[in-house]
Amino acid sequence: MKKIEFLRKKLALTRLPDELEDAGRDYERLLARWKDGYDWRIHEKKLNEELPQFQKEIDVDGHGRLNIHFIHRRSEVEGAIPLLFVHGWPGSFVEVRKILPLLIQGGKDHPAFHVVTFSLTRVWFLRGSETKGICNRSIRGGYEQYAMTQGGDWGYPITARIASTYGGRHAKAWHTNVEYARPGQDPPKLFSNPLLYFRNLVKGYTEAEKAGLQRTIWFREKGRGYSAEQSTQPQTLGYSLADSPAGLLAWIYEKLVNWTDEYPWEDDEVLTWISIYWFSTAGPTASTRIYYERVNEKARAAVPTIPHGASFFPKELYNVPRLWSKTRYRVFEAEHATGGHLAAHEKPEELVPDLRKMFGRGGQAYGVIEGKTGY
């Protein structure tokens, strides 16, 4: 209760400019709601009722024993496929909330999944090599073999590293909702990759790929300022966010609106996403650190060689022509007409069927996990 009262006192001291633009009026409304109308305890209770949450201590080299937080929901289908969901930023374990009840459902025509969601909000300060180890050990507490999904935002480099390190042995297949161009393929160059260069030249771009390139250019030129700050001076920004709930709200709300495809964010929904950062054990400062650690990490993962699937949404922030990211291990692709960066939250009814197709009977990754076909 002390944390809630402290937050309200902080919000009561917040002063916004008298003249506000549209975004400023949104902040004003949300801040007023956060201070006087929003009840964190009600929404916390809902999260606890919907999402079975656990804590576990894990030894991490250089950091001692860390108390990690994760979600684990088993399907009633005994042969369900173990699935690791990895969220991104500025999301949290709440990103699994809409797809979880769909994934655990089994049927004659689609597979069911046992779902584990590791919470990055406590360990944003770890490097990729450390995070992938924790993710692997978290799900292997119950399953020796597993598949992975989400792979959007930070979920992509984390699942890619897991797929590269533990692929074949424990991680048997992975699915993402963003794809990055491979080195030397952005775009393919004549002398470094002549075969792909001519394939790209002959094939040309679809309308969806052209629109995706424009979205990528916009993001590179106008949407990545936060990344430069968090990659170079994370503590400067982190202290400010930890001291100012108004700053934290503006910092995250801007991303939620600009990174989604006309998604109708409700005020309490936004405030729940932000409150998780404010009230998390590590606090909002931790979330800025992962960018710095990523940039300064020397080790890079090799290209994973396990079956890979990708779902493409038009308002994804990084959306390049498919040939630029293609490898021979990408066995499943799906194109969607709407949706953005937070696909699991925006488009659960489209993302889940993609997983069912990839891992179900007749799918490209059917039966990759021994004794766990999903039926």
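Across segment 208-214, rounded Karplus estimates of 3J(HN,Hα) from the backbone phi angles (6.51 cos²θ - 1.76 cosθ + 1.60, θ = phi - 60°) give 5, 5, 4, 5, x, 5, 5 Hz, Gly and Pro being marked x. Backbone phi angles across segment 314-331, fed through the Karplus curve with coefficients 6.51, -1.76 and 1.60 (θ = phi - 60°), yield HN-Hα couplings of x, 9, 4, 6, 10, 9, 9, x, 4, 5, 5, 10, 5, 10, 6, 8, 7, 9 Hz in residue order; Gly and Pro are listed as x.
Using every Cα-Cα pair within segment 235-375, state what percent have a distance larger than 19 Å.
Values: 6583 of 9870 pairs.
Tail of the P(r) past 19 Å holds 67 percent of the pairs.
Partners of Lys326 within straight-line reach, counting aspartates and glutamates whose Cα lies under 15 Å from its Cα and excluding those fewer than 8 residues away in the same chain: Glu179, Asp186, Glu209, Glu335.
When all protein chains stay in place and ligands, DNA and RNA are ignored, the 1.4 Å accessible-area order of Lys3, Lys108, Lys56, largest first, is Lys108, Lys3, Lys56.
Please state the shape class of segment 297-372: rounded when a/c is under 1.5, otherwise prolate if a/b exceeds b/c and oblate if not, all from the C-alpha gyration tensor. It comes out oblate by the Cα gyration axes. Classify segment 154-208 from the C-alpha gyration tensor, please: rounded if a/c falls under 1.5, else prolate or oblate depending on whether a/b exceeds b/c. Because a/c hits 1.5 or more and a/b exceeds b/c, segment 154-208 counts as prolate. Using only side-chain charges placed at the Cβ, +1 for Lys and Arg and -1 for Asp and Glu, the dipole size of segment 23-89 relative to its Cα centre rounds to 260 debye.
Normalising the Debye intensity of segment 1-113 to I(0), with uniform scatterers on Cα atoms only, and taking log10 at q = 0.23 Å⁻¹ returns -1.28. Based on DSSP H segments of at least four residues, each scored -39500 (n - 2.57), the chain has a per-residue ellipticity at 222 nm of -12500 deg cm²/dmol. In a fully extended conformation the segment linking Arg65 and Glu5 would gain 18.5 nm over its present Cα-Cα distance, using 0.36 nm per residue. Using the Cα coordinates of segment 234-294, the gyration tensor eigenvalues translate into equivalent-ellipsoid semi-axes of 21, 14, 10 Å, sorted from longest to shortest. Shown in residue order for segment 237-249 are the 3J(HN,Hα) couplings computed by the Karplus curve 6.51 cos²θ - 1.76 cosθ + 1.60 at θ = phi - 60°: 6, x, 4, 5, 5, 5, 8, 10, x, 5, x, 4, 4 Hz (x for Gly and Pro). Computed over the chain, the range of Cα coordinates on each principal axis works out to 60, 48, 42 Å, biggest value leading. Other residues with beta-carbon under 15 Å from the beta-carbon of Lys210 carry, at +1 per Lys or Arg and -1 per Asp or Glu, a net charge of 0.
Between Glu49 and Thr338, residue separation times 0.36 nm minus the direct Cα-Cα distance comes to 101.0 nm.
Computed with a 1.4 Å probe over protein heavy atoms only, the accessible surface of the chain comes to 46 Å² per residue. Surface calculation, 1.4 Å probe, protein heavy atoms: Arg8 sits at approximately 80 Å² accessible. Rolling a 1.4 Å probe over the protein heavy atoms of segment 205-305, with every protein chain left in place, gives an accessible area that is 51 percent carbon and sulfur. Amide H to amide H, with H built 1.01 Å from N, Ile68 comes under 5 Å of Lys56, Glu57, Ile58, counting only residues 5 or more places away or on other chains.
With the contact rule set at Cα under 8 Å and sequence spacing of 6 or more, what percent relative contact order holds for the chain?
Worked out over the chain, it gives 23 percent.
For segment 54-118, what class follows from the C-alpha gyration tensor (a ≥ b ≥ c being the square roots of its eigenvalues): rounded when a/c is under 1.5, otherwise prolate if a/b is larger than b/c, else oblate? In terms of gyration-tensor shape, prolate. In terms of the mean number of neighbouring beta-carbon atoms within 10 Å, the peptides 283-292, 187-196, 323-332 order highest first as 283-292, 323-332, 187-196. Loop-resident GluC sites (Glu not before Pro) (DSSP state other than H, G, I, E or B) in segment 267-375 with no more than 11 further Cβ atoms inside 10 Å of their Cβ: Glu370.
The values are calculated or read from the model by the stated rules, or taken from the named source; none is laboratory data. Source: prediction; values computed, not measured. All Cβ positions, glycine included, derive from the backbone under ideal geometry; neighbour counts span all protein chains shown. Accessible surface is based on the protein model in full, side chains and every heavy atom, while ligands, DNA and RNA are left aside. Shrake-Rupley method; radii C 1.70, N 1.55, O 1.52, S 1.80 Å.
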